[in-house]
1. Filter segment 240-254 down to the residues that are in a helix (DSSP H, G or I) and either in contact with a Gly (Cβ under 6 Å, 6 or more places away or on another chain) or acidic (D, E) (or both) and list them by number.
2. Taking segment 113-154 on its own, how many of its residues are in a strand (DSSP E or B) and under 16 Å from the mean Cα position of the chain (by Cα)?
3. Yes or no: E172 over 24 Å from D118 (Cβ atoms), touching a residue at least 12 places away in the same chain (Cβ under 8 Å), surrounded by 17 or more Cβ atoms within 10 Å (Cβ to Cβ) and not assigned by TED's automatic domain parsing to the domain that holds D246?
4. With at pLDDT 90 or above, more than 23 Å from V166 (Cα to Cα), in contact with a helix residue (DSSP H, G or I) (Cβ under 7 Å, 6 or more places away or on another chain) and in a helix (DSSP H, G or I) as the only criterion, which of Y261, Y237, Y218 stands out?
5. Any residue at all in segment 230-243 that's basic (K, R) and closer than 18 Å to C206 by Cβ?
6. Answer yes or no: is there a residue in segment 181-189 that is of a type in the set (D, E, K, R), in contact (Cβ under 8 Å) with a residue 12 or more places away in the chain and more than 18 Å from F98 (Cα to Cα).
7. Considering only residues of segment 242-258 that are among the hydrophobic types (A, V, I, L, M, F, W, C) and buried (at least 16 other Cβ atoms within 10 Å of the Cβ), which is modelled with the lowest pLDDT?
8. Looking at segment 16-41 only, could you name the residues that are surrounded by 14 or more Cβ atoms within 10 Å (Cβ to Cβ) and in a loop (DSSP other than H, G, I, E, B)?
Amino acid sequence: MILEILISTMNRTSLDFLDAMFPFEDRDELNILIINQTKIGSELKTQTKNIRVINSYEKGISKSRNLAIKNTIGDICLIADDDTEFASGFQEEVKNTFFSFDKASLIQFRVRTFEGNDYKTYPKKSKKLNCYSDIIHVSSVEIAFRRQDILNMKIKFNELFGLGSVFKSGEEFLFLRDLLKNDLIMWHVNKYIVKHSSESSTDIGCDNYIKTKAVLYYISYRFWSDLYIFKFLAFLYRKNIMQFKDFGSKYKMSKMAIKTYKKLSRV
């Protein structure tokens, strides 16, 4: 079983950043595919067979992820950002987990912060991911998947979503949603394999987040989406994140975001 780490990064001209990502591993023992979004003339190069690099001149995290999926050679693919630090023995941990959960197409692992805390609130124990509420808060850096299962179902990240695109988040939810729609098995497993900077919730009331949330509600619930938008805006009001006088403008903004999504996706 080949494990390949799919790293998305930008404007790199040296592989030195890998030292901080893999402080406990021999780099020669790793299979890595780096998607480096850059400019012509500033390409990243590698002389190592086990570390492959694709320089891309497009922007957007979902485009980067999709390019990696298209070109990966791993049986198991582990998604990574360039600001993570992998734990000692993480490769064997991932492989052994997929051996144990041999029917799983995707596994969500746990992440710790550099301070040693949980990256987010996780279930108390391992569990199957069966519904939208199970996948809504899954992050890319927690995900490993079986390449062939994803390719067989032609599942990709939606390139309208994610950093560098029209809607700045939500790409992980839509990716996992497609796995659910195709009846692929997913698990959350109580194992830590990586560290990441603390997750921030300070942007929950910003316009980009609200617009993305509204579009995700539309994609998931269609004609019932207005109800979920109202509930979310009411939540922001109750938490003093949004003032009542802004309710109308935020709702109108949400509907405009859905209109933009419809136009761009030709729904």
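1. Once the filter is applied, which keeps residues that are in a helix (DSSP H, G or I) and either in contact with a Gly (Cβ under 6 Å, 6 or more places away or on another chain) or acidic (D, E) (or both), segment 240-254 yields only D246.
2. 4
3. Taking the combined requirement at face value, the residue does not satisfy it.
4. Among Y261, Y237, Y218, only Y237 is at pLDDT 90 or above, more than 23 Å from V166 (Cα to Cα), in contact with a helix residue (DSSP H, G or I) (Cβ under 7 Å, 6 or more places away or on another chain) and in a helix (DSSP H, G or I).
5. Yes - at least one qualifying residue is present in segment 230-243.
6. Within segment 181-189, not a single residue is of a type in the set (D, E, K, R), in contact (Cβ under 8 Å) with a residue 12 or more places away in the chain and more than 18 Å from F98 (Cα to Cα).
7. Per the stated criteria, the residue is M242.
8. Result: F22, E25, L30, N31, T38.
The values are calculated or read from the model by the stated rules, or taken from the named source; none is laboratory data. The model shown is predicted, which means the values in this text are computed figures rather than measured ones. FYI the Cβ positions are ideal-geometry reconstructions off the backbone, even for glycines, and counts take in every protein chain you see.
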